[in-house]
1. Send over a whole-number figure in Å² for the accessible area per residue of the chain, probe 1.4 Å.
2. For Pro69, what is the net charge nearby, where nearby means another residue's Cβ is under 15 Å from its Cβ and Lys, Arg count +1, Asp, Glu -1?
3. Nearest 0.05, what FRET efficiency do Ser67 and Asn2 give at R0 = 25 Å with Cβ-Cβ as r?
4. Could you work out how far helix 42-55 tilts from the main Cα principal axis of the chain, as a 0 to 90 degree angle to the nearest 10?
5. In a Gaussian network model over the chain where Cα atoms closer than 10 Å are linked, find which of Pro38, Pro78, Pro69 has the largest mean-square fluctuation.
6. Taking only the alpha carbons of the chain, what extent do you get along each of the three principal axes, in Å, biggest first?
7. What percentage of the solvent-accessible surface of the chain, computed with a 1.4 Å probe over protein heavy atoms, is contributed by carbon and sulfur atoms?
8. Let me check I've understood the local charge: for Met1, count other residues with C-beta under 14 angstrom from its C-beta, Lys and Arg +1, Asp and Glu -1. What total comes out?
Amino acid sequence: MNTSWFLGANTAEGFFSRFDQLHPGIRIRKNVIIKGGPGCGKSTFMKTLRGCAEALGADTESYLCSSDPASLDGLFIPALGLAFVDGTAPHADAPK
């Protein structure tokens, strides 16, 4: 089953992010940060991974882009404890 969430929102005061709350811990054992320019395939890559995981019967959590919900800002595969996130602005994530 795929569930979808927003970890950020565009507000009157600018972009509001909760990506800081998505970091390695008990549920997430590995967090892969994907960096690249607009249109280079970050979201498509995560959508492809989601399709592969679901084809194998794994549940997934998709983190939707607040400015384009058809685009992914992140993906989490709970069975693997593996997360992928877009590391470019405005939701820039960086290694800790």
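The values are calculated or read from the model by the stated rules, or taken from the named source; none is laboratory data. Predicted model, so just to flag it, every value in this text is computed and none were measured. FYI the Cβ positions are ideal-geometry reconstructions off the backbone, even for glycines, and counts take in every protein chain you see. These accessible areas exclude ligands, DNA and RNA; they are computed on the full protein's heavy atoms, side chains included. Shrake-Rupley method; radii C 1.70, N 1.55, O 1.52, S 1.80 Å.
1. Each residue of the chain exposes 59 Å² on average to a 1.4 Å probe.
2. Net of charged neighbours comes to -2.
3. That gives a FRET efficiency of 0.75.
4. 30 degrees
5. With Cα springs under 10 Å in the chain, the top fluctuation among Pro38, Pro78, Pro69 is at Pro38.
6. So the three principal-axis extents are 40, 27, 22 Å.
7. Whole-percent figure for carbon plus sulfur exposure: 61.
8. Overall, the nearby charge balance is -2.
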